[in-house]
Amino acid sequence: MIDAVVNLLRFAAPVGLAATGETVGQKAGVINIGLEGMMLVSSYAGVVASQSSGSPWFGLLVAVMASVVLAVVQGFFTISLQADQVVAGTAINLFALGLTGTLYRARFGASGQLLSVPKIPRLGPGFDALPLFWIASLVVVSWALYRTKWGLALRASGEFPPAVEAAGYSPNALRWQAVLIGGLFAGLAGAHLALGISGSFAENMTVGRGFVALAMVTFGRWKPVWVFAASLLIGYADSLQFELQALNIGLPPQFFIALPYALALAVLVFVGKGTAVPAALGQPYRRQR
């Protein structure tokens, strides 16, 4: 039973960590379509740094820094320059895919060789460090969003920014903070995928997990606890594919690989309708004069 829970948390953590950070961002009114690219860049940076230094913890640090740098780029275009958030996020995804693919092939060739790295040390009875952090962060994020003045102001930035400004806060400053928090969690998600699960890097290894994380925020109604539950559902489907493939029931392996994504799509179709989206989500804010 314990092993099953551990395995579920391991597979759910990449999507769950990314979705937790994205929840904060969307609560503030910023949607990060570039989540996939941030995870991909952090995966590559973490693996290379881990292999070069021999320390997976240094790789984790570099992975987070790489993702935060992209979050700064996203914030500059979407908050400071008030560019379209979907366009900016799509550009980050394309940039990340091209950058990691080019660097990977330049360093290791196009032979398909996997870049192996030392595993992240485990904490406790079989638990990885980052799934533990994910669970702890849920408590902190929930408390910060719903039990502090900062959280109230941040949530108001995603609903009615003029009221936030009238109360003496800067909606754009709060959005910057939310974007950077989202970048931090995206870096942790990419690092866990590469260092905590696969122990290697391959081109486009995130394979849509960033988009699945976006779907889980909607499924969870922008509430961290429900986002956690939704991510566990996806993690279960992700881990289930290996068990079903082992049974050799005659279906092609692509069917099992597609399970988490099909489930995320079904969630959006059947659960997304009628969802109360933050009123100012995706809308740039210009300071009132």
Practice prompt. State whether one or more residues within segment 179-194 are surrounded by fewer than 23 Cβ atoms within 10 Å (Cβ to Cβ) and either among the hydroxyl-bearing types (S, T, Y) or without any contact (Cβ under 8 Å) to a residue 40 or more places away in the chain (or both).
Written response: no
Worksheet item: Of all helices (runs of 4 or more DSSP H) completely enclosed by segment 109-212, which ones contain at least 2 residues that are modelled with pLDDT of 90 or more and of a type in the set (F, W, Y)?
Response: 129-147, 171-191
Fill in: Number of positions in segment 9-19 that are over 15 Å from V68 (Cα atoms) and within 10 Å of the chain's Cα centre (by Cα)
5
Item to complete: Considering only segment 212-231, state which residues are more than 12 Å from L263 (Cβ to Cβ) and either surrounded by 18 or more Cβ atoms within 10 Å (Cβ to Cβ) or without any contact (Cβ under 8 Å) to a residue 60 or more places away in the chain (or both).
Response: A213, L214, V217, T218, G220, R221, W222, P224, W226, V227, F228, A229
Worksheet item: Pairs, please: C-beta under 9 Å, at least 6 apart or cross-chain, first residue without any contact (Cβ under 8 Å) to a residue 24 or more places away in the chain and assigned to a helix (DSSP H, G or I) and in segment 25-44, second buried (at least 24 other Cβ atoms within 10 Å of the Cβ) and charged (D, E, K, R)?
Response: none
Worksheet item: What number goes with the only condition from (1) under 30 Å from W143 (Cα atoms); (2) of a type in the set (V, I, T); (3) surrounded by 15 or more Cβ atoms within 10 Å (Cβ to Cβ); (4) modelled with pLDDT under 90 that T275 does not pass?
Response: (3)
Discussion item. I want to confirm something. Restricting to segment 20-45 and keeping residues that are among the small types (G, A, S) and under 15 Å from the mean Cα position of the chain (by Cα), which single residue is nearest to S142 (Cα to Cα)?
Written reply: G21
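The values are calculated or read from the model by the stated rules, or taken from the named source; none is laboratory data. Since we're looking at a predicted model, the values are computed, not measured. Note: ideal-geometry Cβ built from the backbone for every residue, glycine included; neighbour counts use all protein chains shown.
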